[in-house]
Number of protein chains: 2
Amino acid sequence: MSNAISEEMTGSTQEIKNGWKPEIATAPLYMQVAHHLEARISNGDFAVGSLLPTENELAEALGVSRQTVRQAIGLLRNKGRLSARKGVGTRVEAIEATSGSTRFIAHSRSELFEIAAETEFVIGFREMVSAQGKLAVDLGCRPGRKFLHITGVRYPANRGKAFSWNEVYIDSRVAAAVKDITVARRAIFHYIEEFTGEKIHEIQQDVRPIAMDEDIAEKVGGKGGDLALIVNRRYYGSGRRLLEYAFQILPADRFTYTTTLRAET
Amino acid sequence: MSNAISEEMTGSTQEIKNGWKPEIATAPLYMQVAHHLEARISNGDFAVGSLLPTENELAEALGVSRQTVRQAIGLLRNKGRLSARKGVGTRVEAIEATSGSTRFIAHSRSELFEIAAETEFVIGFREMVSAQGKLAVDLGCRPGRKFLHITGVRYPANRGKAFSWNEVYIDSRVAAAVKDITVARRAIFHYIEEFTGEKIHEIQQDVRPIAMDEDIAEKVGGKGGDLALIVNRRYYGSGRRLLEYAFQILPADRFTYTTTLRAET
DNA sequence: CGAAATTTGTCCGTATGTATG
DNA sequence: ACATACATACGGACAAATTTC
């Protein structure tokens with residue numbers, strides 16, 4: 001305890017104590033708390049393997065109710081950053097548990113943001129297309145609808161070895177959102193949300209195995225016939241309107257798709 | 001409203017109204033409510049595409065607080081059965097959205113139960129092994145620990161085409177849990193939980209592409225070299241004790257791993 | 001177009017249960 | 001047996017989005 005800055009809450013606007021300034025002033029309090037906790041975990045303030053302060057301590061220190069703290073902790077538990085045990089406390093978990101290759105497939109919308117922030121999508125090709133045949137089926141739209149088709153390679157932020165080949169189809173009505181982008185440092189759908197002001201509520205994602213063809217293998221530094229995962233995503237706005245369709249090819253030798261399933265109780 | 005049976009609560013034990021008898025009397029109220037709602041959805045009482053009664057109506061009808069109803073609805077929203085919109089209501093969603101092959105990879109512990117219940121694991125081979133080399137590494141244990149090794153094919157409950165090749169390693173201390181099983185109609189870890197009384201809190205799962213060898217391909221009705229997904233699972237009891245390790249090979253032509261990512265807000 | 005009603009979302013306070021040490 | 005700390009449950013209040021009038 002006693003590390004709260006203890007400035008009085010200003011009354012009308014809700015804001016947690018302890019020097020934290022909300023990145024997005026409009027975000028609900030429990031999300032602000034979650035971000036705050038996450039930041040203090042990654043900066044080492046709360047060490048991995050250690051126990052968090054109790055919910056009551058956090059509530060008091062941050063000037064919010066215990067319920068709000070619990071909601072925040074709940075988010076991070078879903079993400080696997082925290083785990084709680086009755087009568088003991090809330091433990092900070094390691095981000096990575098499995099050996100070997102990194103996991104770079106998202107399990108939540110916010111993870112897509114994080115991954116995109118850690119990588120760069122270098123756009124190599126761009127054209128307007130009219131959905132026909134298989135593409136129209138994949139997009140689940142009537143043939144003839146127009147999309148902006150973008151292809152390129154996604155690199156780690158430090159520009160190491162390429163890790164995925166990406167193809168993106170953007171509804172022509174919102175394609176202007178990426179008009180001037182040549183290197184995307186955020187998720188493509190993030191640009192779309194900013195441009196339209198409309199939030200993407202749902203992303204449907206499926207994962208299948210493929211053998212890479214020569215062409216793509218070369219671009220991500222592999223050989224033709226190498227195994228890979230193809231991750232397919234459909235981005236829906238309000239009213240289940242398809243705004244973006246994309247797929248990504250991840251070489252199997254470098255990536256594993258890891259999930260942790262937890263008991264609901 | 002007005003479909004509550006309106007029997008008085010018995011006082012000490014918590015139980016929701018409306019004729020619902022809790023399957024597991026010890027389950028928290030919000031889970032009972034979730035199961036209740038799920039049952040009424042699958043029996044058609046709440047039609048897919050329609051709006052649920054409002055949270056306040058449900059709370060009153062079931063004799064619980066609105067918060068409890070919200071928690072229950074939250075569970076089903078996470079599972080994709082429900083979706084909510086501010087100012088509108090809570091919609092019953094279709095179970096399956098994607099076209100093509102069925103998805104049969106779990107995203108939660110409870111889904112593992114459901115999938116296991118819809119399939120049969122026919123055990124074809126069984127032996128005690130001592131973990132050595134690669135196996136010890138996979139299991140993350142010191143070499144020499146003993147495991148019961150089981151292999152077999154998993155079929156749909158209607159005994160159609162096989163859909164996966166399975167290999168399971170069970171800690172020798174709990175291996176007696178499956179001593180007499182030749183056809184498992186529940187999840188293997190379910191037998192272990194029953195036997196030990198200990199709950200499996202965490203399951204780590206990873207998905208990778210492989211090309212099937214002749215041997216396995218034949219068993220699941222494919223050809224050698226066919227693409228497949230290999231799903232690898234580690235089952236941990238309390239204190240992160242590894243109780244079971246298993247992998248499953250799913251032919252790519254029949255299965256897709258589908259996930260839906262939703263906005264947290 | 002605007003006001004009102006409806007419905008979910010957030011936040012708080014409190015009380016009690018339950019697993020752990 | 002006892003204290004601790006998370007889990008469940010209730011109640012109330014207001015905010016925000018949507019629909020209706």
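Values in this text are rule-based calculations from the coordinates and carry no lab data. Keep in mind that what you see is a predicted model, and the values were worked out from it rather than measured. So basically every Cβ, Gly included, is an ideal-geometry build from the backbone, and we count neighbours across all protein chains shown.
For peptide B:199-205, the mean count of partner chain Cβ atoms within 10 Å of a residue's Cβ comes to 5.
Let me know the mean shielding of B:208-215 by other chains, meaning the per-residue number of their Cβ atoms within 10 Å of its Cβ.
Details: counts 10, 15, 3, 4, 0, 0, 0, 0.
Average neighbour count from other chains, rounded to a whole number: 4.
Largest first, the extents of the alpha carbon coordinates of the range B:109-254 on the three principal axes equal 40, 34, 25 Å.
Residue-level result for chain A: its Cβ closest to the axis carrying A onto B, with that distance in Å, is A:Pro209, 1.
Give the Kirkwood hydrodynamic radius (Å, one decimal) of the range B:48-135, defined as one over the mean of 1/r across all pairs of different Cα atoms.
Numbers: mean 1/r = 0.0601 Å⁻¹.
With all distinct Cα pairs of the range B:48-135 included, I get 16.6 Å.
Comparing A:Ala162, A:Ala106, A:Ala47 in a Gaussian network model of chain A, where Cα atoms under 10 Å apart are tied by springs, the biggest mean-square fluctuation is seen for A:Ala47. Taken residue by residue and averaged, Cβ atoms of other chains lying within 10 Å of the Cβ of B:105-111 number 3. Pairs spanning more than 23 Å between alpha-carbon atoms, out of A:Lys79/B:Lys199; B:Lys134/B:Lys179; A:Lys199/B:Lys86; A:Lys161/A:Lys199; B:Lys134/B:Lys223: B:Lys134/B:Lys179; A:Lys161/A:Lys199; B:Lys134/B:Lys223.
Under the definition of Cα pairs under 8 Å and six or more residues apart, what whole-number percent is the relative contact order of the range A:109-254? All intermediate terms of the calculation are to be shown ahead of the outcome.
Details: 314 pairs, mean separation 32.8, N = 146.
Once divided by the residue count of the range A:109-254, the mean separation gives 22 percent.
Among A:Asn56, A:Asn232, A:Asn166, the residue with the largest mean-square fluctuation in a Gaussian network model of chain A, with springs joining Cα atoms closer than 10 Å, is A:Asn56. The Rg/Rh ratio for the protein assembly as shown is 0.96, where Rg is the radius of gyration of the alpha carbons and Rh is the Kirkwood radius. A label point on A:Gly144, set 7 Å along the Cα-to-Cβ line, lies at 7.5 nm from each of its counterparts in the other copies, closest listed first.
Over chain A, the hull volume per residue, using the convex hull of the C-alpha atoms, is 163 Å³.
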